[in-house]
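Only one structure is covered here, and it is reproduced in the block below.
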């Protein structure tokens, strides 16, 4: 029997325009922190903000919360930690206490309910979403309750500041947190640069000097990393070099423990390394690792079965490519070969659908199709990929 609440949410998403974005209010909210920020976003990133919200059934929200909680419980088990860290770089075993900030769990919503397809330890956009939530307007009192959900938006900023302070205390105890560096490659060129600026302003209001810095702007000393403004107590790490393989100074500061780094390689290895999905979606392996039955059941319902692509299973997987979704174990995005269900395509990532892989009438189109198929098949065979199939 269909859940009437889910049907209602689907109907609202199809037809309801009762809650929408008040652009003037959003501009006022953003420009309060950063003059002309809204104008800059519209010029460079016109599709950053959606005009209307997405309604999600409470049942789906609860299901996602159960999956996230189950993963946290499993990640705390010594046997699980030993298993996933076994095949990771040595730096992944370095643990100074911090667990990470702004984790993100990516779910697809479909007939089987929410399905987790990725965990991000460096998820961004929190402050942009706070501003967006504050700029929603309902057309009537009947739908005002849906406007911002159950969260106190005004209190979120303090929650975020407390999160950074908690990360610092986990490694430094009661030592004062004086300066944070938000670190990414050429921060001003990043898509989420506006979010970096908002986080910077938020932390400054809390009395924490905050700088935006490329890794090359930091210098390693015996006491930790130093910016031209002075010593850096904590690095808010926005890099996608998750094991810091290409950033020697930052890596050394993290390993030595002279500068707090969050998120960090240890947290990434335990939570966000995509190879962990192979373990988390394998009930038999989880049982061997001592994961309780109730947690295994939650994970089985919320994580599609995921396996590694190898040369041994390549032909079999290729024969079922239309029903599968492929993701690299490192880097960005995923690929769904032609004909795969659109429900498995991750929002915001590239979904490669070359029409020339389909039957072609002309010899030229056929040659082009064969060439592209060989190149595509070669690319996912030469890379270290994993894939998620449908959880039916």
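Tally the residues that are touching a strand residue (DSSP E or B) at 6+ places or on another chain (Cβ under 9 Å) and in contact (Cβ under 8 Å) with a residue 60 or more places away in the chain, restricting the search to the range 299-313.
Just the residues of the range 299-313 that are touching a strand residue (DSSP E or B) at 6+ places or on another chain (Cβ under 9 Å), to begin with: 299, 301-309, 313.
Those left that are additionally in contact (Cβ under 8 Å) with a residue 60 or more places away in the chain: 299, 301-309.
Here the count works out to 10.
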- Query: What number of residues in the range 299-333 are in contact with a helix residue (DSSP H, G or I) (Cβ under 8 Å, 6 or more places away or on another chain) and assigned to a helix (DSSP H, G or I)?
  - Reply: 6
- Query: Which ones in the range 286-298 are touching a residue at least 24 places away in the same chain (Cβ under 8 Å) and either assigned to a helix (DSSP H, G or I) or more than 27 Å from the chain's Cα centre (by Cα) (or both)?
  - Reply: 286, 290, 295, 298
- Message: So, in the range 31-65, exactly how many residues are buried (at least 16 other Cβ atoms within 10 Å of the Cβ), closer than 30 Å to residue 293 by Cβ and either in contact with a strand residue (DSSP E or B) (Cβ under 8 Å, 6 or more places away or on another chain) or modelled with pLDDT of 90 or more (or both)?
- Response: 4
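With respect to residue 239, is the statement that it is under 16 Å from the mean Cα position of the chain (by Cα), under 20 Å from residue 104 (Cβ atoms), surrounded by 15 or more Cβ atoms within 10 Å (Cβ to Cβ) and not assigned by TED's automatic domain parsing to the domain that holds residue 84 true?
Working: under 16 Å from the mean Cα position of the chain (by Cα): yes; under 20 Å from residue 104 (Cβ atoms): yes; surrounded by 15 or more Cβ atoms within 10 Å (Cβ to Cβ): yes; not assigned by TED's automatic domain parsing to the domain that holds residue 84: no.
Here the answer is no, as residue 239 does not meet what is asked.
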- Applying the selection to the range 246-272, what residues are closer than 17 Å to residue 81 by Cα and either modelled with pLDDT under 95 or assigned to a helix (DSSP H, G or I) (or both)? 265, 266, 267, 268, 269, 270, 271, 272
- Please state which one of 310, 293 is under 21 Å from residue 65 (Cα atoms), surrounded by fewer than 19 Cβ atoms within 10 Å (Cβ to Cβ) and not assigned by TED's automatic domain parsing to the domain that holds residue 105. 293
- Among 198, 218, which is touching a residue at least 12 places away in the same chain (Cβ under 8 Å) and touching a strand residue (DSSP E or B) at 6+ places or on another chain (Cβ under 9 Å)? 218
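Hey, does the range 278-285 have a residue that's in the same structural domain as residue 33 (by TED's automatic domain parsing), modelled with pLDDT of 95 or more and part of a loop (DSSP other than H, G, I, E, B)?
Keep residues of the range 278-285 that are in the same structural domain as residue 33 (by TED's automatic domain parsing), which gives none.
For the range 278-285, residues in the same structural domain as residue 33 (by TED's automatic domain parsing), modelled with pLDDT of 95 or more and part of a loop (DSSP other than H, G, I, E, B): absent.
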- Query: On the given criteria, is residue 171 at pLDDT below 90, in contact with a strand residue (DSSP E or B) (Cβ under 8 Å, 6 or more places away or on another chain) and more than 16 Å from residue 37 (Cβ to Cβ)?
  - Reply: no
- Task: Please work out which one of (1) more than 23 Å from residue 131 (Cβ to Cβ); (2) touching a residue at least 12 places away in the same chain (Cβ under 8 Å); (3) more than 20 Å from the chain's Cα centre (by Cα) is the condition residue 228 fails and give its number.
- Result: (2)
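The values are calculated or read from the model by the stated rules, or taken from the named source; none is laboratory data. Treat the numbers as computed from the prediction; the structure is a model and nothing was measured. We place every Cβ from the backbone using ideal geometry, glycine too, and count neighbours over all the protein chains shown.
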